[in-house]
Number of protein chains: 2
Amino acid sequence: MTLSKQEIPTQSYLLETEEILHSDIEKQVMQLFSLSRINAENIDELIDDISDNFLGADTASSDIDLDSLATKFCDSRVPSHPANLDKYLEYLSDNVIAHAIHTASPKFIGHMTSALPYFVQPLAKLMTAMNQNSVKIETAKSLSFYERQALAMLHRQIYNFSDNFYAEHIQNSQSTLGILTSGGTTANITAMWCARNAVLGAKDDFLGVEKEGLTAALNFYGYKGAAIIGSELMHFSFDKAADLLGIGNRGLMKIPVDSNNRVRVRSLRQAVAKCREQNLCIIAIIGIAGTTDSGGLDPLLDIAEIAQEANVHFHVDAAWGGPLIFSQQHRSKIAGIEQANSVTIDGHKQLYLPMGIGMLFMREPYIAQSIEKQASYTMRKGSFDLGKRALEGSRPGMALFLHAGLNLIGSQGYEFLIDEGIRKTQYMANRIRSMPEFELLAEPDTNLLLYRYIPESLRELVVKKQLTETDNLFINQFNEHLQKKQRQAGHTFISRTMKTSNCFSQEISIVALRAVLANPLTTEDDIDAVLNDQIQIASEIYMPTSSENVA
Amino acid sequence: MTLSKQEIPTQSYLLETEEILHSDIEKQVMQLFSLSRINAENIDELIDDISDNFLGADTASSDIDLDSLATKFCDSRVPSHPANLDKYLEYLSDNVIAHAIHTASPKFIGHMTSALPYFVQPLAKLMTAMNQNSVKIETAKSLSFYERQALAMLHRQIYNFSDNFYAEHIQNSQSTLGILTSGGTTANITAMWCARNAVLGAKDDFLGVEKEGLTAALNFYGYKGAAIIGSELMHFSFDKAADLLGIGNRGLMKIPVDSNNRVRVRSLRQAVAKCREQNLCIIAIIGIAGTTDSGGLDPLLDIAEIAQEANVHFHVDAAWGGPLIFSQQHRSKIAGIEQANSVTIDGHKQLYLPMGIGMLFMREPYIAQSIEKQASYTMRKGSFDLGKRALEGSRPGMALFLHAGLNLIGSQGYEFLIDEGIRKTQYMANRIRSMPEFELLAEPDTNLLLYRYIPESLRELVVKKQLTETDNLFINQFNEHLQKKQRQAGHTFISRTMKTSNCFSQEISIVALRAVLANPLTTEDDIDAVLNDQIQIASEIYMPTSSENVA
């Protein structure tokens, strides 16, 4: 979208003044930093009202279209004078908040973002007031130890090592039980980085891949190339990792999945053998505990066995499904996770913490030394600086949320949340099975659900399993259109994805509607409302089928 | 530090209950997610009190030693039941907040973290309440456009292209004027990633480094290796980048600096020629606008010329010094930044925003396509999803702070803050020059200052420039000890670094005290207080010199 200069709306919250003297700027700026704040309580109240109003919304979003919305944000000039705070908040409320997504809405059940416990809001304010930088002890002091503790708590939930193990490593600056990152992507990339540097490390005269680079390392160890092996449903952070690390996406071996979205173990084993034959260095074998696509769970015990036989780093991407460790009923579904050399879990997914909390856990407390870096102005060897072994540098004290979540929700609280999500998913699956308008596309492993709407004229063929490729193409178009209309209207929200499926022994791509049932506020009535909203929207779509055209 | 099991203190905020029924867990957890919050205002008030109390502290930190502090955080068990919120906050206040660093204190002038404007606190609460995920339009809608606008505003401050340029690109999903990252490290890594993928991209039958990997790419283009060239004072994120990207730290060519900590242009030019001779692919040439070490500014115009002649990506790491663009008085010091192909600026440094805001700006709006990735469940081609071209995936709506900062402080507000920091640094430099107790180690370019304390017995030799290597070693030990004692006492804070210096034509390492003058609340009296605190602490240190030993 391109606007001509005349069309660009000016920002209305700018001060309407002719000229402001320098001393006025100084006064205004210093006022912003002052502790004796005039009107501070007023701002707090205003923002609390905006927040509560936003959180109280029952719909998924406003119905403004993206192009119209974009035109509101086309002025690229930085105002020269400080804007009036009240006016700016008014602008913010009318233009940004009004058209943001109600991720906490009980009818927004299409992505991995949902309602959060209330305490994270005041904690966010506290974290910002404290303004610690967790990269080093000199700007984080207590928070460094507090973060190590919180990570050790989750490490223990995964690996359950002895009391002595945790006593030895929890506050030992040489050990890394976990790394707090900005998200699961960074955690996955860090895991691949550690694994690559460990397997291609220093030996004899060779200084290791870190110092000498990938080409020299592969040469030294006599490999023709490198590979990462995992399911075709691996998160796209592994594409990033393979690219970044110089392996290339060609080295990212994507193994097909079965109809339940689990990696085919036999194919995985064959891929490992093929890498050996072709003399490729296997950096890691990936198991997924909750695919982003469908929540599918790989058979981790089988993958662990393959990795162990091949003596290869086993990484589990449990960004989504990791918190199943809290559920007595469902924990067995991810059995094998405790054998992983590294595990990714996101705090901002099923730990119900704010966005920006990824974690990487390590079975072996010294493996992160393979990525250690120092700098003379900080990050000194032997120090407690957490930034020594991390991809990121400066970062906020997000450990506040993690530690608080683990304590204020507790393991049984998390168990309840996990169990509830899976229970509601079964409810939704049953509803879909019972409604002729929909087709369930896979049995849900956890709390993601793939299904699609079937236009009336094709329902009989679905039941008889006689849909042709053309029919499927038509249904695809219909569902894509339906999802977009539903999103645009904003009453409810379901996302969509692509799924490969068999159609008369031929692989075809299917557009799937994708529900994520993680919001504790979502009730069975809300689920019904979302499905009914889709039926209503579908009834308003007129799209002639090819057969109707012929008729 | 290792504790035996008996020594581990239990967490005192756990509920003292025998057993809690399942329905009670449900009730407690659902209460945390409920909008009709019992005691919500009470929590807010409590946390506001804790925050205000923390921010009001005049000292740099408590005086607890690290080992004692670590023992408070050694319990690795996740409590089974939700803890009592009031008790948890009490625990947090007594154990974490009490021993966190007062980064906003006017006497904490040793790191790049300082006081923030008040409005970021309520905004943090709002951001957390909104819980947008900026990775995709379906979880961020308005915030995606708002973020693009904020980035374009800073892009314009750097590059100052035409109105038409911004009208064309500001909300064009094909263009990337900037990428919001979790920090400067990620921004620098992303810059090197883009540069590598662009220079070793697809050509003829070759699919590019992204697909085929680094070894194949270097082979195809006929290179023997790859290099990144910059000053020896480059931030350690470039060590991470060289390692991650498979180039190896050996490929990170560190060029010596002059006595003002600026890269030596002639050496840089020679390094480029050497790479050409050795048939190395130069990924990028780096200019630094504010070294982490000393705030030094590389001669960007000269480096730009070298990069242009060599036809190599020119990246400026302006994480610290970028906001000098707002100062009419000082902007010329970073002239040449507008010729950079990419520029890193940190929001959480001299834009006075909360931790977790890095930015990468691109001169050419399409270069980020070299790192573009898609995924079927999101990140669709042609979409407005910001996560398509980014190292990170899910991330919080930090654009709220950036946009608000640019508008509520304004360009003249930032100009005032930058000018003030430099003015106060000159004040401190003058004070140090006038005091026999200290030696200034370099003329400050901006608002970082390197100096050291000179023990009385050696002051005459300093004036006469007759310090031996042994004397310098002694002074080093003294200053390291001084900095640690000062940090431990917690009244004031100055950091330390290492600096190479000439001593009788021999290169030696000097321990430098490092002041960062960025806190708007720091007055000249505070600066005097910090220096006097150091003199006082130094007077309590008894450390015999070798000459005294002889005597």
Residue in region A:130-137 that is open to solvent by 10 Å² or more (accessible area, probe 1.4 Å), in a helix (DSSP H, G or I) and not assigned by TED's automatic domain parsing to the domain that holds A:Val516 present: yes
Test: B:Glu439 is acidic (Asp, Glu), surrounded by 17 or more Cβ atoms within 10 Å (Cβ to Cβ) and within 23 Å of the chain's Cα centre (by Cα): no
Any chance B:Ala150 is in contact (Cβ under 8 Å) with a residue 24 or more places away in the chain, in a strand (DSSP E or B) and touching a helix residue (DSSP H, G or I) at 6+ places or on another chain (Cβ under 6 Å): no
Flag if B:Thr190 is within 30 Å of A:Val135 (Cα to Cα) and touching a His at 6+ places or on another chain (Cβ under 8 Å): no
Residue satisfying condition, being more than 14 Å from chain B (Cβ to nearest Cβ) and among the aliphatic types (A, V, I, L, M), within set A:Leu400, A:Leu482: A:Leu482
Residue selected from region A:320-329 under the condition part of a loop (DSSP other than H, G, I, E, B) and open to solvent by less than 10 Å² (accessible area, probe 1.4 Å), by the criterion nearest to A:Arg156 (Cα to Cα): A:Ser327
Test: residue in region B:52-66 that is surrounded by 21 or more Cβ atoms within 10 Å (Cβ to Cβ) and either at pLDDT 95 or above or touching a strand residue (DSSP E or B) at 6+ places or on another chain (Cβ under 6 Å) (or both): yes
Where B:Glu305 falls short, out of the listed (1) over 19 Å from the mean Cα position of the chain (by Cα); (2) touching a residue at least 40 places away in the same chain (Cβ under 8 Å); (3) more than 14 Å from chain A (Cβ to nearest Cβ); (4) outside any loop (DSSP other than H, G, I, E, B): (2)
Only one of B:Ala271, B:Ala242, B:Ala226 that is in contact (Cβ under 8 Å) with a residue 12 or more places away in the chain, in a strand (DSSP E or B) and closer than 27 Å to B:Gly201 by Cβ: B:Ala226
Residue that is surrounded by 24 or more Cβ atoms within 10 Å (Cβ to Cβ), free of Cβ contacts under 8 Å to residues at least 24 places away in the same chain, under 25 Å from B:Trp193 (Cβ atoms) and not aromatic (Phe, Trp, Tyr), where the choices are A:Lys388, A:Lys373: A:Lys388
Subset of region A:207-220 (residues that are over 35 Å from the mean Cα position of the chain (by Cα) and either closer than 20 Å to A:Ala310 by Cβ or away from chain B (no Cβ under 11 Å) (or both)): A:Phe220
Selected residue (only one of B:Leu473, B:Leu467 is open to solvent by 70 Å² or more (accessible area, probe 1.4 Å), without any contact (Cβ under 8 Å) to a residue 60 or more places away in the chain and among the hydrophobic types (A, V, I, L, M, F, W, C)): B:Leu473
Any hit, region B:273-294, residues being farther than 29 Å from B:Lys224 by Cα, in contact with a helix residue (DSSP H, G or I) (Cβ under 8 Å, 6 or more places away or on another chain), within 12 Å of chain A (Cβ to nearest Cβ) and of a type outside the set (Phe, Trp, Tyr): no
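Yes/no per residue for (1) open to solvent by less than 10 Å² (accessible area, probe 1.4 Å); (2) not basic (Lys, Arg):
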position: B:Tyr223; (1), (2): no, yes
position: B:Ile229; (1), (2): yes, yes
position: B:Lys240; (1), (2): yes, no
position: B:Leu245; (1), (2): yes, yes
position: B:Arg264; (1), (2): no, no
position: B:Ser267; (1), (2): no, yes
position: B:Ile288; (1), (2): yes, yes
Subset of region B:68-111 [of a type outside the set (A, V, I, L, M), closer than 19 Å to A:Thr139 by Cβ and either at pLDDT below 95 or in a loop (DSSP other than H, G, I, E, B) (or both)]: B:His102, B:Thr103, B:Ser105, B:Pro106, B:Lys107, B:Gly110, B:His111
Selection count, region A:176-207, where residues are surrounded by 20 or more Cβ atoms within 10 Å (Cβ to Cβ) and either out of contact with any Gly (no Cβ under 6 Å at 6 or more places or on another chain) or free of Cβ contacts under 8 Å to residues at least 24 places away in the same chain (or both): 18
Only one of A:Arg496, A:Arg487 that is assigned to a strand (DSSP E or B), basic (Lys, Arg) and either within 25 Å of the chain's Cα centre (by Cα) or within 14 Å of chain B (Cβ to nearest Cβ) (or both): A:Arg496
Scan of region A:330-356 for residues that are out of contact with any helix residue (DSSP H, G or I) (no Cβ under 6 Å at 6 or more places or on another chain) and in a loop (DSSP other than H, G, I, E, B), ordered by number: A:Ala340, A:Asn341, A:His348, A:Lys349, A:Tyr352, A:Met355, A:Gly356
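The values are calculated or read from the model by the stated rules, or taken from the named source; none is laboratory data. Being a predicted model, the structure only gives us computed values, none of them experimental. Cβ atoms come from the backbone with ideal geometry, glycine included; neighbour counts cover every protein chain shown. Heads up: the accessible areas ignore ligands, DNA and RNA and are worked out on the full protein's heavy atoms, side chains in. Shrake-Rupley method; radii C 1.70, N 1.55, O 1.52, S 1.80 Å.
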